[in-house]
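Shown next, in structure tokens, is the structure this report addresses.
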Amino acid sequence: MKDPMQVFGIGTKLIRPGDNLVDVIFETLSSQGLEIKNKDLLAITSKAAAVAQNRLAKLDSIEPSEKATMLAKKHELEPRFVEVVLREAEKVYGGANKALLTLKNNMLVANAGVDRKNAPEGYATLWPLNPHDSAEKIRREVLSKTGKRVGVLIIDSRISPLRMGTTALAIGIAGFKPIKDYRIERDLYSKRVYITRHALADDIASAAHVMMGETTARIPAVIIRNAPVILSEEFDPNSMTIPAEQCLFMQSFLRKASGVF
């Protein structure tokens, strides 16, 4: 029997712009009697990574456009906040009360990852720059300082269609294969599997998200041990996303919007 997967929360000081995340995490690990081991995964919140990179938007310095003002009124949002979302989003598909549905880094997310929750007063946090590169930089720093080969995830919360509440999404990873392809296997009844692929990175992100919480827990990092993944420095970030023309949700609502069924 394989060893069970374990999840360890790392409670740190409040992350501030310019902090070295790896140093902050290691300081906390030492005080908690924990250590990084070979083949561990290290999950870090997108907000901690963003704040360390000073990826903050000062809202009172933002001049909202006419489009931002219109969308803000329609969806009960603050115009300056909407303007930041428009600058960060690749596309805006619509919205609901207090949120816009956007495309960011080929992912369908709320508000292009822009968030005022757990951001300093008067600011909004953005996603870290180049999340996969950010994760790789952290992975290499851990390797340099400890000699341990680990995987790294940068994660954010997300919502799912017709489901209440948040789960988590891996917006950046390094050091492991994020997808397990079952299309070469057979099921319990020896039937071929045609389309199933397992989003391991997102499932692991959700396990970390349980520990991190959404408000005052101050657990910006989590160690996941014995995760069922293959460590690898070679992987294709594009393997984590699916083209719009193959996505059930994107195709369904775009066809409805165009009147094609």
Checklist line | Residue satisfying condition, being surrounded by fewer than 18 Cβ atoms within 10 Å (Cβ to Cβ), within 21 Å of the chain's Cα centre (by Cα) and in the same structural domain as residue 238 (by TED's automatic domain parsing), within set 33, 9, 18 | finding: 18
Next item on the list: Would you confirm whether any residue within region 76-94 is hydroxyl-bearing (Ser, Thr, Tyr) and over 24 Å from the mean Cα position of the chain (by Cα)?
Entry: no
Note to self: Being crowded, with 20+ Cβ neighbours inside 10 Å and among the basic types (Lys, Arg) narrows it down to one residue among 39, 47, 74, 67; which is it?
What the structure shows: 47
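If the requirement is being out of contact with any strand residue (DSSP E or B) (no Cβ under 9 Å at 6 or more places or on another chain) and farther than 23 Å from residue 109 by Cα, which of these qualifies: 182, 194?
194
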Notebook entry, point to check: If you scan region 134-147, which residues turn out to be in a helix (DSSP H, G or I), over 17 Å from residue 201 (Cα atoms) and of a type outside the set (Asp, Glu)?
Noted result: 137, 140, 142, 143, 144, 145, 146
Next item on the list: Go through 141, 136 for me and flag whichever is out of contact with any strand residue (DSSP E or B) (no Cβ under 9 Å at 6 or more places or on another chain), charged (D, E, K, R), modelled with pLDDT of 95 or more and outside the structural domain of residue 67 (by TED's automatic domain parsing).
Entry: 141
Next item on the list: Report whether or not residue 215 is touching a strand residue (DSSP E or B) at 6+ places or on another chain (Cβ under 7 Å), among the β-branched types (Val, Ile, Thr), modelled with pLDDT under 95 and not assigned by TED's automatic domain parsing to the domain that holds residue 115.
Entry: no
Next item on the list: From 148, 117, 104, 98, grab the single residue that is in contact with a helix residue (DSSP H, G or I) (Cβ under 9 Å, 6 or more places away or on another chain), assigned by TED's automatic domain parsing to the domain that holds residue 68, closer than 30 Å to residue 234 by Cα and touching a residue at least 12 places away in the same chain (Cβ under 8 Å).
Entry: 104
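The values are calculated or read from the model by the stated rules, or taken from the named source; none is laboratory data. Computed from a predicted model, the values in this text were never measured in an experiment. Note that each Cβ is placed from the backbone with ideal geometry, even for glycine, and that neighbours are counted across all protein chains shown.
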